[in-house]
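Read through the structure below, which is laid out as structure tokens, and then see the notes.
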Amino acid sequence: MNPVDISIPHPSLPPLTSVLPAEPLLLMGAGPVPVPAEVARAGGMVINHLGDSMNMVVRHIKELTRYAFQTRDEHIFGVSGPASAAMEMAVGNLLWPGRRVLVLKNGWFSGRFAEMARGVGAEVSTLEVPEGNPVTAEMVEARLQQERFDVVTMVQGETSCGVWTRDLESIVALARRHGALTVVDAVCTLTTMPLQKDQWGIDVVFTGSQKGLSSLPGVSLIAFSAAAWAVTESRPGPRPHWCLDAVRAEGFWGRHEYHYTAPVPGLLALHEALRLIGEETLERRFERHRQSSLALQTGIEAMGLRLATPADFRLDAVVAIEVPAGIDDARARRYMSSMFKVEIAGAFGLNIVRIGQMGEQCRSPNLFRVLHALGVAMNNEGARLDLSAGMGAMEAHLARWAERVP
Ligand SMILES: Cc1ncc(COP(=O)(O)O)c(C=O)c1O
């Protein structure tokens with residue numbers, strides 16, 4: 001036999017363990033976020049994706065997801081892919097040529113629905129407000145009185161600018177009254193603040209794993225109401241997706257049959273993340289997010305920075321901070337990262353920086369580390385912030401909360 005001719009030499013590269021920092025960066029941006037030890041451990045395992053253990057994991061994930069979404073839906077899927085894949089599953093299964101969608105847009109992520117819907121040939125109308133503002137029920141009602149839609153899409157929280165769709169429940173009710181299905185993106189908000197899928201009448205809701213759930217990136221979750229499922233099944237003609245086709249996905253998630261090779265470590269990790277959420281309880285988790293975020297907001301303002309979003313519709317999950325005039329925020333963020341090993345997020349075009357308050361980010365030591373690093377980095381750039389005042393105000397808030405917690 002002739003020797004195999006390997007003409008392209010193998011690259012000689014160091015193992016990751018020698019190039020990644022010994023102490024990982026503290027991820028205080030808009031996701032991914034740090035994960036609990038149980039989640040990290042589960043995410044390091046591979047088991048047979050069609051065996052009995054996996055079948056149990058799948059059943060548990062569905063049960064735990066029902067708790068997180070507050071739904072009794074039958075049709076619940078873990079999707080192999082980021083939250084955008086779940087968004088694509090919602091869009092691709094409810095919309096096709098001839099169907100009409102109203103996209104409520106107030107930022108980068110809510111606008112993504114429109115791009116996807118155009119891609120599948122739907123007729124797309126957009127109700128757009130300037131980034132940094134919420135779409136209100138009044139605006140939606142006015143639009144629904146003029147035109148008929150099959151589907152209305154919205155975000156519960158617009159991560160790109162830290163805005164909460166405060167009127168979500170009323171908007172969902174309005175859409176229902178006008179005969180439209182609703183799709184809600186709860187990517188940055190799920191388990192950080194209340195969402196009641198069944199009680200509010202939401203048809204499809206989805207989330208990612210790497211934000212409020214504090215799990216590994218790469219797997220997302222989605223649930224379909226009976227009405228949304230009926231529309232999905234009624235789609236005429238050949239079904240264009242394979243991985244993102246909900247009817248095919250029901251094979252694995254409903255009947256434990258092969259659809260595609262499931263993302264096993266991501267699902268095991270998600271199982272643990274959801275189980276920990278159940279252990280904590282949603283009530284306590286919402287309060288932890290509320291108080292942690294409020295403490296951070298208080299510290300930021302006391303230090304002398306301004307929050308970008310008015311309190312009326314400010315998200316807890318993502319705190320948007322105005323960058324003071326003349327400050328180079330990219331350089332400040334690089335300094336935070338190199339000096340303090342803390343990362344926060346910039347923004348897509350707005351003059352803000354964003355600090356995440358999702359899942360494991362909402363722990364007091366993380367708050368002190370990120371606020372201090374932010375203050376030092378901004379002052380290095382020429383801001384005149386009072387770090388002591390900021391840290392003191394934040395600590396006082398956390399101490400008052402600790403006193404109230406039984
Ligand atoms: C509100 C919202 N929707 C959708 C996405 C897209 O998620 P992914 O990057 O996991 O696809 C994000 C990501 O930040 C988000 O914050």
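Using the structure shown, decide if LEU168 is on the phi < 0 side of the Ramachandran plot, away from the ligand (no atom under 12 Å from the Cβ), touching an Asp or Glu at 6+ places or on another chain (Cβ under 7 Å) and not assigned by TED's automatic domain parsing to the domain that holds ALA320. Spell out the reasoning first.
Numbers: on the phi < 0 side of the Ramachandran plot: yes; away from the ligand (no atom under 12 Å from the Cβ): yes; touching an Asp or Glu at 6+ places or on another chain (Cβ under 7 Å): no; not assigned by TED's automatic domain parsing to the domain that holds ALA320: yes.
Here the answer is no, as LEU168 does not meet what is asked.
Is it the case that GLU138 is closer than 27 Å to MET193 by Cα, within 14 Å of the ligand (Cβ to nearest atom) and at pLDDT 95 or above?
Considered against the rule, which asks whether it is closer than 27 Å to MET193 by Cα, within 14 Å of the ligand (Cβ to nearest atom) and at pLDDT 95 or above, GLU138 comes out as no.
Identify the residue in the stretch 351-406 that is hydrophobic (A, V, I, L, M, F, W, C), under 28 Å from ASN106 (Cβ atoms) and touching a strand residue (DSSP E or B) at 6+ places or on another chain (Cβ under 8 Å) and, among all such residues, is surrounded by the fewest Cβ atoms within 10 Å (Cβ to Cβ). If you could, list the steps in order and put the result at the bottom.
At the first step, the residues of the stretch 351-406 found to be hydrophobic (A, V, I, L, M, F, W, C) are 352-353, 355, 358, 362, 367-368, 370-371, 373-374, 376-378, 383, 385, 387, 389, 391, 393-394, 396, 398-399, 401-402, 405.
In the following step, the residues that additionally are under 28 Å from ASN106 (Cβ atoms) were identified as 352-353, 355, 358, 362, 367, 370-371, 374, 378.
Among the residues that remain, those that are also touching a strand residue (DSSP E or B) at 6+ places or on another chain (Cβ under 8 Å) are: 352-353, 355, 358, 370, 374.
On the way: ILE352: 23, VAL353: 26, ILE355: 26, MET358: 34, VAL370: 25, LEU374: 30.
Out of the qualifying residues, it is ILE352.
Among the residues of the stretch 303-315, is any farther than 30 Å from CYS243 by Cα, of a type in the set (Gly, Ala, Ser) and crowded, with 16+ Cβ neighbours inside 10 Å?
Initially, the stretch 303-315 is screened for residues farther than 30 Å from CYS243 by Cα, giving 303-315.
Next, only the ones that are of a type in the set (Gly, Ala, Ser) stay: 304, 308, 311.
Adding the requirement that they be crowded, with 16+ Cβ neighbours inside 10 Å leaves 304, 308.
Scanning the stretch 303-315 turns up at least one residue that is farther than 30 Å from CYS243 by Cα, of a type in the set (Gly, Ala, Ser) and crowded, with 16+ Cβ neighbours inside 10 Å.
Counting only residues that are assigned to a loop (DSSP other than H, G, I, E, B) and among the hydrophobic types (A, V, I, L, M, F, W, C), which one in the stretch 144-161 is modelled with the highest pLDDT? Walk me through it before giving the result.
From the stretch 144-161, those assigned to a loop (DSSP other than H, G, I, E, B) are 147-150, 156, 159-161; that's our starting set.
When the remaining residues are screened for being among the hydrophobic types (A, V, I, L, M, F, W, C), the result is 149, 161.
Details: PHE149: 98, CYS161: 95.
Among them, the one singled out is PHE149.
Per-residue answers, yes or no, for (1) touching a residue at least 40 places away in the same chain (Cβ under 8 Å); (2) assigned by TED's automatic domain parsing to the domain that holds ARG285; (3) exposed (fewer than 13 other Cβ atoms within 10 Å of the Cβ); (4) within 30 Å of GLY254 (Cβ to Cβ):
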{"position": "SER12", "(1), (2), (3), (4)": "no, no, yes, no"}
{"position": "SER18", "(1), (2), (3), (4)": "no, no, yes, no"}
{"position": "PRO21", "(1), (2), (3), (4)": "yes, no, yes, no"}
{"position": "ALA68", "(1), (2), (3), (4)": "yes, no, no, yes"}
{"position": "HIS75", "(1), (2), (3), (4)": "yes, no, no, yes"}
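Say we look at the stretch 249-298 and pick out the residues that are farther than 30 Å from ALA320 by Cα and among the aromatic types (Phe, Trp, Tyr); which of these is surrounded by the fewest Cβ atoms within 10 Å (Cβ to Cβ)?
Among them, the one singled out is TYR258.
ILE47 passes all but one of (1) over 30 Å from GLN196 (Cα atoms); (2) of a type in the set (A, V, I, L, M, F, W, C); (3) exposed (fewer than 13 other Cβ atoms within 10 Å of the Cβ); (4) in the same structural domain as PHE206 (by TED's automatic domain parsing); which number fails?
ILE47 satisfies every listed condition except (3).
Report, by residue number, each residue of the stretch 162-200 that is surrounded by fewer than 21 Cβ atoms within 10 Å (Cβ to Cβ) and in a helix (DSSP H, G or I).
Of everything in the stretch 162-200, those that are surrounded by fewer than 21 Cβ atoms within 10 Å (Cβ to Cβ) and in a helix (DSSP H, G or I) turn out to be GLU169, SER170, ALA173, LEU174, ARG176, ARG177, ASP198, GLN199, TRP200.
Can you say whether PRO32 is within 17 Å of GLU272 (Cα to Cα) and within 16 Å of the ligand (Cβ to nearest atom), as far as the supplied structure shows?
Details: within 17 Å of GLU272 (Cα to Cα): yes; within 16 Å of the ligand (Cβ to nearest atom): yes.
It is true that PRO32 is within 17 Å of GLU272 (Cα to Cα) and within 16 Å of the ligand (Cβ to nearest atom).
Answer yes or no: is there a residue in the stretch 234-241 that is without any contact (Cβ under 8 Å) to a residue 12 or more places away in the chain, part of a loop (DSSP other than H, G, I, E, B) and closer than 28 Å to VAL39 by Cα.
No - not one qualifying residue is present in the stretch 234-241.
Does PHE286 count as within 16 Å of the ligand (Cβ to nearest atom) and either more than 25 Å from LYS197 (Cβ to Cβ) or assigned to a helix (DSSP H, G or I) (or both)?
The answer is no for PHE286.
Right, LEU221: crowded, with 20+ Cβ neighbours inside 10 Å, part of a strand (DSSP E or B) and in contact (Cβ under 8 Å) with a residue 40 or more places away in the chain or not?
Working: crowded, with 20+ Cβ neighbours inside 10 Å: yes; part of a strand (DSSP E or B): yes; in contact (Cβ under 8 Å) with a residue 40 or more places away in the chain: yes.
Considered against the rule, which asks whether it is crowded, with 20+ Cβ neighbours inside 10 Å, part of a strand (DSSP E or B) and in contact (Cβ under 8 Å) with a residue 40 or more places away in the chain, LEU221 comes out as yes.
In the set ALA269, ALA249, ALA223, ALA228, which member is in the same structural domain as MET45 (by TED's automatic domain parsing) and farther than 28 Å from VAL151 by Cβ?
Numbers: ALA249 fails: farther than 28 Å from VAL151 by Cβ; ALA223 fails: farther than 28 Å from VAL151 by Cβ; ALA228 fails: farther than 28 Å from VAL151 by Cβ.
Just a single option satisfies the conditions, and that option is ALA269.
Assigned by TED's automatic domain parsing to the domain that holds GLY218, over 27 Å from GLN199 (Cβ atoms) and part of a helix (DSSP H, G or I): is that true of MET87 in this structure? Explain how you work it out, then say what you get.
Details: assigned by TED's automatic domain parsing to the domain that holds GLY218: yes; over 27 Å from GLN199 (Cβ atoms): no; part of a helix (DSSP H, G or I): yes.
Judged against the criteria, MET87 is not a match.
Tell me which residues, restricted to the stretch 90-125, are assigned to a loop (DSSP other than H, G, I, E, B), touching a strand residue (DSSP E or B) at 6+ places or on another chain (Cβ under 6 Å) and away from the ligand (no atom under 14 Å from the Cβ). Quick ask: steps written out before the conclusion?
Quick first cut of the stretch 90-125, residues assigned to a loop (DSSP other than H, G, I, E, B) only: 95-99, 106-107, 120-122.
Next, only the ones that are touching a strand residue (DSSP E or B) at 6+ places or on another chain (Cβ under 6 Å) stay: 95, 106-107, 122.
Residues satisfying the conditions are LEU95, ALA122.
So, ALA230, is that one among the aliphatic types (A, V, I, L, M), part of a helix (DSSP H, G or I) and over 15 Å from the mean Cα position of the chain (by Cα) or not?
Values: among the aliphatic types (A, V, I, L, M): yes; part of a helix (DSSP H, G or I): yes; over 15 Å from the mean Cα position of the chain (by Cα): yes.
Judged against the criteria, ALA230 is a match.
So which of ALA42, ALA37 is surrounded by 10 or more Cβ atoms within 10 Å (Cβ to Cβ), more than 16 Å from the ligand (Cβ to nearest atom) and either modelled with pLDDT under 95 or of a type in the set (Gly, Ala, Ser) (or both)?
Working: ALA37 fails: surrounded by 10 or more Cβ atoms within 10 Å (Cβ to Cβ).
Among ALA42, ALA37, only ALA42 is surrounded by 10 or more Cβ atoms within 10 Å (Cβ to Cβ), more than 16 Å from the ligand (Cβ to nearest atom) and either modelled with pLDDT under 95 or of a type in the set (Gly, Ala, Ser) (or both).
On the basis of being within 16 Å of the ligand (Cβ to nearest atom), over 21 Å from VAL163 (Cα atoms), in contact with a Leu (Cβ under 8 Å, 6 or more places away or on another chain) and not hydroxyl-bearing (Ser, Thr, Tyr), does VAL79 make the cut?
Working: within 16 Å of the ligand (Cβ to nearest atom): yes; over 21 Å from VAL163 (Cα atoms): yes; in contact with a Leu (Cβ under 8 Å, 6 or more places away or on another chain): yes; not hydroxyl-bearing (Ser, Thr, Tyr): yes.
Spelling it out, VAL79 is indeed within 16 Å of the ligand (Cβ to nearest atom), over 21 Å from VAL163 (Cα atoms), in contact with a Leu (Cβ under 8 Å, 6 or more places away or on another chain) and not hydroxyl-bearing (Ser, Thr, Tyr).
The values are calculated or read from the model by the stated rules, or taken from the named source; none is laboratory data. Treat the numbers as computed from the prediction; the structure is a model and nothing was measured. Note that we place each Cβ from the backbone using ideal geometry, even for glycine, and neighbour counts take in every protein chain shown.
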